Amino acid sequence: MSTTNQQVADSSTAVDLELWGDLVSPLSWVVKQRLEAAVHAFERPSDVTVTWRALVQGPTDEDAVRRAVADAAEGARSGDDDELVGFDPERIVPADSRDAQRLIALALAQGGHGLQSAAVERFCRAHFAEGLDIADHQVLQRLGAECGLDERRTAAVLAADDYEDAVRADEDAARSLGITQVPVVVANRSAALTGARSADDYLALLRGVVTAAG
């Protein structure tokens, strides 16, 4: 084990990774997968949390969506081929993700980071692979139930503006950090990587934050 890796293994520093993303941003989904791979390879994965932060970019037209998916697919070739599984540009329904992002906030409040991650994964797969409209409340109700959200609470959130304040808080935090586009990964609010980087880059970010903390 290298000196740096030993320092990381011996450290007690916890790392809070925040991923600012949009559920209709293909690179956000790719980065989520790479972050998870990096945490898995990290010396102390149990000391790392990954929190999804909302930064709604707004719906885009069909051609723009397809170009973004094509760019994500090209970028993913530098990573794991499994990242490409499911992307289907021909089936994507352009959608405003705001209500879905409110359910992501509900998932975090209801079940912590594990449920939040499952909800992000389910909504992204529905959008990019299954051709579902993630702005449609009936679709969101079903997807929420599939990933473990309480059905009554989900219906209540969708019927009102619950968790809109959580989404706005994420967006305000992004502005305070100078984040205007997704995806961006921030570690302990002290270091950041923009765009889609490799899993190795995110692993280096983790190790760097820990070693810098001493």
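The values are calculated or read from the model by the stated rules, or taken from the named source; none is laboratory data. As the structure is a prediction and not an experimental result, all values here were calculated from the model. Neighbour counts run over all protein chains shown; Cβ positions are idealised from the backbone, glycine included. Remember, those area values only see protein heavy atoms, side chains included, never the ligands or the DNA or RNA. Shrake-Rupley method; radii C 1.70, N 1.55, O 1.52, S 1.80 Å.
Of the labelled figures [x] 1.08; [y] 0.97; [z] 0.95, only one reflects Rg/Rh (Cα atoms, Kirkwood Rh) as derived from the coordinates, namely [y].
The residues of the chain have, on average, 45 Å² of accessible surface per residue, using a 1.4 Å probe with all protein chains present. Applying 1/(1 + (r/R0)^6) with R0 = 35 Å to the Cβ-Cβ distance of T194 and D165 gives a FRET efficiency near 0.85. Entry note, the chain: the mean residue ellipticity at 222 nm calculated from DSSP H runs of n ≥ 4, each adding -39500 (n - 2.57), is -18000 deg cm²/dmol after division by the residues and rounding to the nearest 500. Using a 1.4 Å probe on the protein heavy atoms, what percent of the accessible area of the chain belongs to carbon and sulfur? That share works out to 48 percent. Taking all Cα pairs closer than 8 Å and separated by 6 or more residues, the relative contact order of the chain comes to 32 percent.
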